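To start, the structure under review is shown below, and the notes come after it.
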Amino acid sequence: MISTADTIARIEGYFLRCAMPEPAGNALRVFSERAGLLVRIVTAGGQEGWGETWAYPHAAAALIQHQLAPHVLGRSITNPRSIHQAMLAAAVPDRRGQTHMALSAIDIAVWDALGRSSGRSIAELLGGALRSEIDAYASGPLLPAGANRYAGFEQAVERFVADGFQAVKIRVGIGFEADVRAIEAARAIVGAESPLMIDLNESSTVGDTLALADATAASRLAWIEEPVRHDNTASYRRLAEKLSVPLSGGESFCGVQAFRDVMVDGALAILQPDLAICGGLTEAMKIAGLADAFDTAIAPHVWGSGVNFLASLQYASLLSGYGKNPGFPLFEYDKSHNPLRAAIFDPRPDGRGRIAVPDGPGLGIPIRIETLGEYVTGRWSISA
């Protein structure tokens with residue numbers, strides 16, 4: 001029997017923004033600030049749950065307020081999948097885009113609220129964790145704007161290793177010779193046995209990616225991430241046929257169908273769903289099932305605030321790691337300046353490069369918007 005106290009009475013939104021110490025980014029773009037949208041749902045009984053989407057916060061807020069809220073308000077948090085299905089029904093004209101990003105925040109918040117109301121973590125609600133610690137890799141550094149895009153690069157990688165990370169992913173794509181030097185320098189710093197990955201952030205071509213992989217074969221890359229545009233499946237298929245290095249991607253994919261397409265084509269060896277974009281935890285569990293069916297690894301893409309970070313830890317604790325993927329899941333720890341995460345959760349890897357998964361209710365730890373007070377630039381609320 002559903003209690004009236006369990007029904008969603010209010011949806012609140014909090015716009016977040018923080019300045020970067022200096023403009024920086026990847027091979028294609030630089031930015032001077034970080035932004036996102038946190039969503040809080042509150043039940044009639046006063047229980048709360050938190051979710052997040054970060055890619056287009058104001059557009060997502062408008063979608064929630066005008067399109068999704070009628071399918072959420074008044075529904076019970078005891079059935080997150082039903083709420084997710086109702087939101088998907090509102091996304092018929094937009095099955096692989098902005099609506100998925102907006103509903104991601106609601107879906108994460110509903111699972112968090114159900115966990116907090118029942119005293120169980122999200123991992124428990126979704127069937128039980130397979131691990132209490134996750135192997136994490138340092139992701140970074142961001143590349144500063146200016147003539148020397150690799151300024152401070154080696155010192156940053158040295159800090160990652162000093163912090164205890166046993167695996168590192170670097171951003172490249174600035175130019176062939178500079179990229180080769182950066183990859184070789186990173187390999188020398190992390191050591192011969194530690195996984196080293198590169199992220200081209202969609203900045204390359206098939207030919208240039210093949211040339212870079214050939215030139216850096218001695219560095220034994222663990223994967224090459226998004227060398228070309230994420231929706232250029234034909235080019236990924238061509239690369240997969242020619243490369244011995246695994247290809248990874250999927251951080252911009254919305255919905256399980258997008259992941260299905262690259263799995264059927266054999267275009268990606270490692271899937272990287274972002275919970276704040278792909279459709280939340282409910283959709284991400286479908287993606288995990290798809291990955292299991294194709295014996296494909298998952299390394300979640302993790303960006304944004306501490307809410308997405310915590311949700312992704314819960315998700316990673318559930319993922320299979322067997323068959324040809326015994327070293328997965330790997331957890332992305334963005335090491336760029338990010339007080340939106342650090343103000344909520346700022347863990348350090350242990351001596352083995354692992355991060356413990358918080359086992360408290362819902363996301364694992366309490367979320368207090370007050371800790372982000374200086375970064376909240378606006379808020380809104382809509383009630384049943």
* Any hit, segment 229-245, residues being within 26 Å of Arg131 (Cα to Cα) and either open to solvent by less than 10 Å² (accessible area, probe 1.4 Å) or of a type in the set (Phe, Trp, Tyr) (or both) -> no
* Asked: Got a sec? Which of His84, His58, His66 is open to solvent by less than 40 Å² (accessible area, probe 1.4 Å) and assigned to a helix (DSSP H, G or I)?
  -> His84
* **From the options Pro93, Pro23, residue that is open to solvent by 30 Å² or more (accessible area, probe 1.4 Å) and assigned to a strand (DSSP E or B)** => Pro23
* Determine, yes or no, whether Ser104 is part of a helix (DSSP H, G or I), within 16 Å of the chain's Cα centre (by Cα) and of a type in the set (S, T, N, Q). => yes
* So which of Val72, Val30, Val42 is of a type outside the set (S, T, N, Q), buried (at least 22 other Cβ atoms within 10 Å of the Cβ) and either over 25 Å from Phe259 (Cα atoms) or modelled with pLDDT under 95 (or both)? -> Val72
* Structure fact -> Per the filter on segment 289-320, residues in contact with a Lys or Arg (Cβ under 8 Å, 6 or more places away or on another chain), part of a loop (DSSP other than H, G, I, E, B) and farther than 20 Å from Tyr375 by Cα are Asp295, Ser317
* Being open to solvent by 10 Å² or more (accessible area, probe 1.4 Å) and out of contact with any Phe, Trp or Tyr (no Cβ under 8 Å at 6 or more places or on another chain) is the filter; apply it to segment 195-212 and report the residue that is farthest from Ser248 (Cα to Cα). => Gly207
* **Filtered residues of segment 325-371 (kept if among the aromatic types (Phe, Trp, Tyr) and either surrounded by fewer than 15 Cβ atoms within 10 Å (Cβ to Cβ) or in a loop (DSSP other than H, G, I, E, B) (or both))** => Phe328, Phe345
* Asked: Do you know which residues across segment 33-55 are assigned to a strand (DSSP E or B) and over 18 Å from Ser305 (Cβ atoms)?
  -> Val42, Thr43
* To do: Taking the options Ser248, Ser203, name whichever one is at pLDDT 95 or above and in a loop (DSSP other than H, G, I, E, B).
  => Ser203
* For segment 153-185, name all the residues that are free of Cβ contacts under 8 Å to residues at least 60 places away in the same chain, open to solvent by less than 40 Å² (accessible area, probe 1.4 Å) and more than 30 Å from Gln314 (Cβ to Cβ). => Phe153, Gly175, Ala178, Asp179, Val180, Ala182, Ile183, Ala185
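The values are calculated or read from the model by the stated rules, or taken from the named source; none is laboratory data. This is a predicted model, so every value here is computed, not measured. Methodologically, a virtual Cβ is constructed for each residue, glycine included, from the backbone with ideal geometry; neighbour enumeration extends over all protein chains shown. Ligands, DNA and RNA are stripped out before the accessible areas are found, and what is left, the full protein with its side chains, is counted by its heavy atoms. Shrake-Rupley method; radii C 1.70, N 1.55, O 1.52, S 1.80 Å.
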